[in-house]
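Novice: My structure is below; once you've seen it, I'll send some questions.
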Amino acid sequence: MAQKLLLINGPNLNLLGTREPAVYGSTSLHDVETAAQQQANAHGASLEYYQSNHEGQLIDRIHAARLENIDAIIINPGGFTHTSVALRDALSGVAIPFIEVHISNIHQRENFRHHSYLSSVAKGVICGLGVDGYRLAIDFALKNL
Ligand SMILES: O=C(O)[C@]1(O)C=C(c2cccc(Sc3ccccc3)c2)[C@@H](O)[C@H](O)C1
């Protein structure tokens, strides 16, 4: 059966590409999502994408994935990376392997960004490679998850 991937982006990432290009690049979220879908489709897989600024909506989307035969989740949790036990619990609870992606290198930034509540339950973490991180995460998921 064809692989099904889910790309999730968290708070403020809807504004990607509009400000702070030195940190987050100039690619829009729409372009990230479109490229991700084309990449998956080129390998015979499907990819759905979702973005929300609301923690509960992200959690509800993760719960729904459990009933959709999603094989892997690629998630940029944004600021919830550093605050959300609930998001961690949702990802652990649905037992779908996920790859955590950060556009910036969170370890080179403010101290409060150095810790992630999600990394210890992620399959892997990619950070600091710009939006290429999404492409690399999808490539890994297609080959391994
Ligand atoms: O590097 C990331 O992808 C990260 O997940 C993304 C974050 C983030 C934070 C604020 C805004 C945005 S997206 C954005 C960029 C420029 C202007 C408006 C929104 C991302 C941070 O909260 C995280 O610490 C790191």
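Novice: Taking only pairs six or more apart or across chains, which ones have beta-carbon atoms under 9 Å, a first residue in the range 91-120 that is more than 24 Å from residue 17 (Cα to Cα), and a second residue that is assigned to a strand (DSSP E or B) and open to solvent by 50 Å² or more (accessible area, probe 1.4 Å)?
Specialist: These pairs meet every condition: 118/125; 119/125.
Novice: Can you pull out every residue in the range 117-139 that is surrounded by fewer than 20 Cβ atoms within 10 Å (Cβ to Cβ), on the phi < 0 side of the Ramachandran plot, out of contact with any Lys or Arg (no Cβ under 8 Å at 6 or more places or on another chain) and not aliphatic (A, V, I, L, M)?
Specialist: Those that are surrounded by fewer than 20 Cβ atoms within 10 Å (Cβ to Cβ), on the phi < 0 side of the Ramachandran plot, out of contact with any Lys or Arg (no Cβ under 8 Å at 6 or more places or on another chain) and not aliphatic (A, V, I, L, M): 119, 120, 123, 124, 132, 135, 139.
Novice: Here is a further query. Within the range 1-24, how many residues turn out to be near the ligand (Cβ under 9 Å from one of its atoms) and in a loop (DSSP other than H, G, I, E, B)? Show your work before the answer.
Specialist: Within the range 1-24, the first condition is being near the ligand (Cβ under 9 Å from one of its atoms), and the residues that meet it are 9-21, 23-24.
Checking the rest, the ones that are also in a loop (DSSP other than H, G, I, E, B) come to 10-12, 16-20.
Number satisfying all stated conditions: 8.
Novice: Given the condition over 19 Å from residue 3 (Cα atoms) and of a type in the set (Ser, Thr, Tyr), answer yes or no: does some residue in the range 51-71 qualify?
Specialist: To start, the set of residues in the range 51-71 that are over 19 Å from residue 3 (Cα atoms) comprises 51-60.
Filter once more, keeping what is of a type in the set (Ser, Thr, Tyr): 52.
Checked against the condition, which is being over 19 Å from residue 3 (Cα atoms) and of a type in the set (Ser, Thr, Tyr), the range 51-71 yields at least one hit.
Novice: Given the criteria over 13 Å from the mean Cα position of the chain (by Cα) and surrounded by 21 or more Cβ atoms within 10 Å (Cβ to Cβ), does residue 65 qualify?
Specialist: yes
The values are calculated or read from the model by the stated rules, or taken from the named source; none is laboratory data. Quantities reported herein were computed from a predicted structural model and do not represent experimental measurements. Neighbour counts run over all protein chains shown; Cβ positions are idealised from the backbone, glycine included. Surface areas here come from the heavy atoms of the whole protein model, side chains and all, with no ligands, DNA or RNA. Shrake-Rupley method; radii C 1.70, N 1.55, O 1.52, S 1.80 Å.
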